[in-house]
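What follows is calculated from the coordinates using simple rules that are stated; it is not laboratory data. This one's a predicted model, so the numbers in the text were calculated from it and none came from an experiment. Every residue, glycine among them, receives a Cβ derived from its backbone with ideal geometry; neighbour counts consider all protein chains shown.
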Amino acid sequence: MESLGDSSVVVRTLIRTQPGSQWTVAREFRRRIKNRFDRDGVEIPFPQRKVHVRVEGGPASDAVTAAAGAAGA
């Protein structure tokens with residue numbers, strides 16, 4: 001494990017391959033790592049944003065819709 005960031009996990013490896021097969025080997029290696037992470041419950045972080053809307057004075061669907069639209073812009 002090279003580093004853990006807010007939205008990334010960097011795993012550094014060195015694998016020797018036959019010339020020309022490095023792309024196939026790299027793809028298979030990444031597949032196996034991802035499968036192992038899934039099996040062991042390791043989650044890859046990803047950027048996310050939560051928006052909480054509170055409307056004073058009761059339900060006002062137009063205000064909630066307008067606020068949700070502004071947050072997505």
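Values as computed for the structure displayed
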{"read-out": "Neighbour net charge for residue 44 - beta-carbon separation under 11 angstrom, K R +1, D E -1", "value": "-1"}
{"read-out": "Net length gained if the chain between residue 30 and residue 52 were fully extended (0.36 nm per residue, minus Cα distance)", "value": "4.3 nm"}
{"read-out": "Net charge over other residues, Cβ less than 12 angstrom from the Cβ of residue 32 (K, R count +1; D, E count -1)", "value": "+4"}
